[in-house]
Amino acid sequence: MQPQVFDLLVHLLKHRDHVVSRDDLIALVWGGRIVSDSTLDSRVNAARNAVGDNGKEQKLIRTIPRKGLRFVGTVNGHSDGEPPGTAAPAGGEQQQPALSLPDRPTIAVLPFDNMSGDQEQEYFSDGISEDIITALSKSRWFFVIARNSSFTYKGKPVHMTRVAAELGVRYVVEGSVRKSGDRVRITAQLNDTATGSHIWAEHYDRDLTDVFAVQDEITDAIVTAIEPQIYAAENFRSRRKPPNSVDAWDLVIRALSHHWRVTRTDSAAARALLERAIAIDPDYGQALSLLATNHMFGVHLGWTDIATSAPIAERAALAAIAADSEDAWAHTALGSVYFSTRRLDDSLAEFELALQLNPNFSLAQGYYALALSYSGRWQDAYAATQRAIRQSPRDPSLAIYYGVAAYAQFVGKNYCKAITLAREATRQRGDLTGAYRVLTVAAGMAGQIDVAKAALAELRRTQPNISLAWISTQLPWKLDADREHYLEGFRRAGLE
């Protein structure tokens, strides 16, 4: 089953003693995000199919008009005859049974402590926590506990093991806010509940000139710092599992670690892992999205042929959207396919939708900038690269974003700035073909022929098949003038 279908079915089973409202299901399965009725209905139908039921008979999952859903089938208890969690502890206090962890990373953001001694600042610390919950929830790769559940711990001593058991989470974000005059210090840390260790911690000092602007800035900074830390922790956890217990998520997270290294060898390794994940679960959206993105990375960097990769990537991206139409990764993957196959308007639409679904998704910003550049909108493209760099200053794709920024400046005929940005990209990644291409053409058009020839030599090292014919057929310009501009830069550098 898809993770959302599984979570929905488990929730109905656990609460089979009463009707579960649609709002409750959305809060649990989608973390309170707004989803369409059709999305919810499709997951309910999939849950029914999984247990041999259907919408017409409703033998097990019954729709109660204007109220919600209820599981009405018979459920066997444990072998000892007692359902889980019914035995009272010695102190007489009834304890809630520990919730099982879904395959995705599960995260709770606890209310940040107001350390200012000023109750009027409570809204600010609560706002930071709520905004982080909202921002993290936009990543469909995470299962984020809804605000109403996380905030039950407000003002109480926090015990990680208890939070983990009661909310069914692997990771907990906590922090504090301390205001003094017109300055505020916000601390945040990400904890692994299984080990009790801190995975990441940081503090942020800001002037409170605009409270809401500061709140937004800090939220973005915390979320973009947390996301790669969770992927790294999940990769470490996955590699410690016995080989026979590895599931589709473990394979995806291992593939992701290879994918971000952006080398030909790692790209092939990631692709093999993703194909194994899809063999386990053919409808696994995350695996399908990443497989499509992986194929397109190979095309953009000159490692694979577009005629071979594009059809595979397009099928995978469309399947990912069918699995979860609100996953920003899926729309970014499809946008990258449209970009490479010269459907630039469709490409821009997919990237814009991805950024509506998750504004903090820096990879979508980077791809959006690339499509804007090839559409001739170089100023918009450059602005998008700056957003990507600001959002994720430690991003594994940072060199690519600098390379795209360089190309945007080249389109605008700002050759010196393009050369500076391309050199920064090649400094960060010595094998980045796109950056060497931009450095070659920018130096050629600027009359720096020695620089252009040196860059072309490096480009031939990283992309031996480079030629004017390859450039004309593989890169998707919207305007003929932009293609001729690019080719002229290569001609001046001596490429044939």
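Each value in this text was obtained by applying a stated rule to the coordinates, not by laboratory testing. Everything numeric here is computed off the predicted structure, so don't read it as measured data. Backbone-built Cβ (ideal geometry, glycine too); neighbour counts: all protein chains shown.
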Relative contact order of segment 241-359, pairs being alpha-carbon contacts under 8 Å that are 6 or more residues apart, as %: 20
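Relative contact order of the chain, please, whole-number percent, based on alpha carbon pairs below 8 angstrom and at least 6 residues apart. Spell out each step's value before the answer.
Working: 801 pairs, mean separation 39.6, N = 496.
In percent, rounded to a whole number, it is 8.
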Two-site label geometry, ALA232 and THR152: point separation in nm, points 7 Å out along Cα→Cβ: 3.3
Within 11 Å, Cβ to Cβ, of PHE71, how many net charges do the neighbouring residues add up to if Lys/Arg are +1 and Asp/Glu are -1? +4
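Set the Förster radius R0 to 25 Å, insert the Cβ-Cβ distance between ALA165 and GLU122 as r into 1/(1 + (r/R0)^6), and round the FRET efficiency to 0.05.
Numbers: r = 28 Å, r/R0 = 1.11.
Plugging the Cβ-Cβ distance into 1/(1 + (r/R0)^6) gives 0.35.
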Report the gain in length on full extension from ASP346 to HIS18: 0.36 nm times residue separation, minus Cα-Cα distance, nm rounded to one decimal. 113.5 nm
Magnitude of the Cβ-charge dipole (Lys and Arg +1, Asp and Glu -1) of segment 241-359 about the Cα centre, nearest 20 debye, reported as 520
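Please give the contour-minus-distance gain from ALA50 to GLN428: 0.36 nm per residue of separation, less the Cα-Cα distance, rounded to one decimal in nm.
Numbers: separation 378, 0.36 × 378 = 136.08 nm, distance 4.84 nm.
Additional length available on full extension: 131.2 nm.
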Given segment 241-359 reduced to its alpha-carbon atoms as identical point scatterers, what log10 I(q)/I(0) does the Debye formula return at q = 0.10, 0.14 Å⁻¹? -0.27, -0.53
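With Cβ to Cβ distances under 12 Å as the rule, what net charge do the other residues near HIS198 carry (K, R +1; D, E -1)? Don't jump to the answer; show the numbers that get you there.
Details: positive: none; negative: GLU174, ASP192, GLU202.
Around HIS198, the charge tally is -3.
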Working from Cα positions, state the angle (0 to 90°, nearest 10) between the long axis of helix 285-300 and the longest principal axis of the chain. 10
Put a dot 7 Å past each Cα toward the Cβ at ASP41 and THR195; how far apart are the dots in nm? 4.6
Report, in degrees rounded to the nearest 10, the 0 to 90 angle that the Cα long axis of helix 248-259 makes with the longest principal axis of the chain. 30
Segment 41-56 versus segment 218-256: alpha-carbon centroid distance in Å: 30
Under 20 Å Cα to Cα from LYS156, which aspartates and glutamates show up? Leave out anything in the same chain fewer than 8 places away. GLU93, ASP113, ASP118, GLU120, GLU122, ASP126, GLU130, GLU166, GLU174, ASP192
Below 20 Å, Cα to Cα, which lysines can LYS59 reach? Residues fewer than 8 away in the same chain don't count. LYS14, LYS67
With T = 10 °C, eta = 1.306 mPa s and Kirkwood Rh from C-alpha pairs, the Stokes-Einstein D of segment 381-496 in µm²/s is about 114
Just checking my list [x] 76, 48, 44; [y] 83, 61, 44; [z] 76, 60, 43 against Cα extents along the principal axes in Å computed from this structure; which label fits? [y]
What lysines sit close enough to LYS413 to cross-link, taking a C-alpha to C-alpha distance under 23 Å and skipping anything fewer than 8 places away on the same chain? LYS453, LYS478
How large, in Å, is segment 3-71 by the Kirkwood hydrodynamic radius built from its alpha-carbon pairs? 11.8
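Assuming R0 = 22 Å, what is the FRET efficiency of ARG491 and ALA383, from their Cβ-Cβ distance, to the nearest 0.05? Intermediate values should be presented prior to the final figure.
Values: r = 30 Å, r/R0 = 1.37.
Once the sixth-power term is evaluated, E becomes 0.15.
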Along the positive direction of the dipole of segment 3-71 (beta-carbon charges: Lys, Arg +1; Asp, Glu -1; about the Cα centre), which of ALA47, GLY68, ALA27 reaches farthest? GLY68
